[in-house]
Amino acid sequence: MANMLLRMICNEANRAASLAFSRLPRRSLSVSSKTLIDAAAKEGELRVFLVAGEVSGDCIGSRLMSSLKKLSPFPIRFAGVGGSMMSGQGLKSLFPMEEIAVMGIWELLPHLNTIRVKLKETVEAVGLFQPHVVVTVDSKGFSFRLLRQLRAKYGQQGLASPVHVHYVAPSFWAWKGGETRLKGLTEFVDHVLCILPFEEEVCRSNGLDATFVGHPVLEDILEFNMGKDGSPNECKVQGNCEDFRRKYGIPSGATVITLLPGSRLQEVTRMLSIFSNTVELLKDSFSELTIIIHVAPNKLVENYINGAVNKWPVSVKLIPGGSHLKYNAFCASRVALCTSGTVAVELQLARLPCVVAYRAHFLTEMFVRFKAKIPFISLPNILLNSAIIPEALFEACTPARLSSLLRELIQNEDLRAEQIIAAEKVLELLHPPPTIYSGQQDLKLKFLDNTPSMVAASTILYSGKS
């Protein structure tokens with residue numbers, strides 16, 4: 001039902017964007033036979049249109065923008081949709097990123113009109129900007145509909161299409177029939193930048209050009225924990241525990257629990273009440289229990305959390321998500337409770353044992369049970385094919401269950417050690433290849449620059465559209 005409605009939205013956006021595309025000049029250059037650098041050389045600049053629809057995508061997009069600026073021999077102009085981090089790299093977003101940050105199936109329905117309007121705006125903006133490449137970051141529901149619309153529109157107008165790159169492969173491996181659906185992406189996606197090691201081969205076997213670039217979270221090692229010799233100390237981010245406790249007035253004997261309720265308003269409103277009731281069950285088990293809540297850089301989320309925590313029965317410290325305080329907070333904590341997502345890998349970088357929780361609309365949960373073909377939801381468990389990290393999902397995600405799992409993880413040193421040891425294996429799997437991809441033979445980069453975003457930027461700049 002949701003897919004049918006979205007197809008109707010796409011058809012309307014298709015008609016609405018016709019005028020913008022009909023005014024575009026016919027290019028003599030066919031991007032399909034050239035690299036982006038070749039295309040940019042003809043015009044003296046490189047135009048990149050990016051779309052990110054959530055906080056993690058905003059982070060990925062901002063790092064990609066930074067790496068593109070470092071590698072490109074030509075000036076770059078950016079346009080598109082993003083958040084505060086991409087804005088810091090020079091992007092003026094068409095509209096607030098939060099307006100398309102919708103997840104789930106049935107959760108989508110109330111937002112259909114907003115998505116229709118934003119899809120129309122984005123398609124028209126691409127036509128006016130005339131990019132050499134369109135890069136969509138995750139958020140596959142919006143991203144794939146945008147790319148499909150653009151490819152159809154350029155084809156109808158007889159124009160040379162920009163290269164279409166999608167960063168973060170869809171989780172085809174998680175769903176029944178997922179690999180079959182990959183074949184359809186070849187119609188409107190030219191290259192996929194994969195963040196998991198097994199995705200590149202599967203994409204290629206289904207006709208999609210793909211490159212494994214490494215997991216974006218690994219760049220936190222460079223950003224937060226650089227060694228004095230200019231290279232990463234190890235695959236770990238070490239925060240400053242004492243500085244954090246002192247700054248936030250946390251007693252040395254306090255038991256600290258980090259809570260990460262998510263980055264989208266939908267999930268935060270659902271999960272925060274569950275987390276609050278979990279804390280209520282734990283408050284008498286530990287002396288001076290202190291809660292740290294990481295608040296995503298999303299105004300709607302910030303306002304909601306600020307209003308909700310006033311009634312909590314324990315000391316609560318709020319810190320901005322995505323800030324340099326993040327790993328200091330992890331270091332000061334005994335355990336974390338997180339909504340499933342990228343943060344599970346961040347906690348592995350910090351070696352902080354955690355419990356993963358997740359709830360959705362009950363119809364979405366029914367769909368997931370029917371279609372999912374893997375037993376886990378957190379990436380570390382998926383990569384190791386083992387329940388190293390405790391997961392409480394759907395109807396099992398209750399305050400009683402979560403408080404029991406957290407209490408055991410706080411007190412059981414063997415369970416804690418198991419997660420810490422497993423983190424080494426997980427992070428090793430997520431590293432990018434030892435040498436970055438480049439179509440330019442003399443491009444030599446130091447190990448320090450062999451980050452996921454640099455691998456991604458090099459792939460975008462020096463690979464053509466097949």
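Every number in this text was worked out from the coordinates using simple rules, so none of it is lab data. All values derive from a computational prediction rather than experimental measurement. Every residue, glycine among them, receives a Cβ derived from its backbone with ideal geometry; neighbour counts consider all protein chains shown.
Data for the structure
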| read-out | value |
| --- | --- |
| Stretch gain in nm, segment L429-Q130, where the contour uses 0.36 nm per residue and the Cα spacing is subtracted | 103.9 nm |
| For region 238-357: span of alpha carbons on each principal axis (Å, largest first) | 34, 30, 24 |
| Unit charges at the beta carbon, dipole of region 116-241: most positive-side option, H166, I195, A152 | A152 |
| For region 359-397 and region 160-220, distance of Cα centres in Å | 22 |
| 22 Å Cα-Cα threshold exceeded, pairs from K118/K299; K118/K326; K69/K425; K140/K176 | K118/K326; K69/K425 |
| Protection-proxy order for peptides 50-56, 314-320, each taking the mean of Cβ atoms within 10 Å per residue, highest first | 50-56, 314-320 |
| Förster-model FRET efficiency, 22 Å R0, S273 and H324, C-beta, rounded to 0.05 | 0.15 |
| Using a Förster distance of 45 Å, the FRET efficiency for L415-L300 (Cβ separation, nearest 0.05) | 0.80 |
| Karplus-derived HN-Hα couplings along region 303-310 (A = 6.51, B = -1.76, C = 1.60, θ = phi - 60°), whole Hz, x at Gly and Pro | 5, 5, 5, 4, x, 7, 7, 4 |
| In nm, spacing of pseudo-spin labels at E280 and Q157 (7 Å Cα→C-beta vector) | 5.6 |
| Positive-end residue of G262, P313, I292, charge dipole of region 237-341 with Cβ unit charges | G262 |
| Hydrodynamic radius of region 124-199 per Kirkwood, over alpha carbon pairs, in Å | 13.1 |
| Whole-number D in µm²/s for region 262-303 (Stokes-Einstein; Kirkwood sum over Cα pairs; 25 °C, 0.890 mPa s) | 214 |
| Fully extended contour minus Cα-Cα distance, from N385 to S87, at 0.36 nm per residue | 103.5 nm |
| Estimated FRET transfer efficiency (S252, T398; beta-carbon r; R0 35 Å; 0.05) | 0.60 |
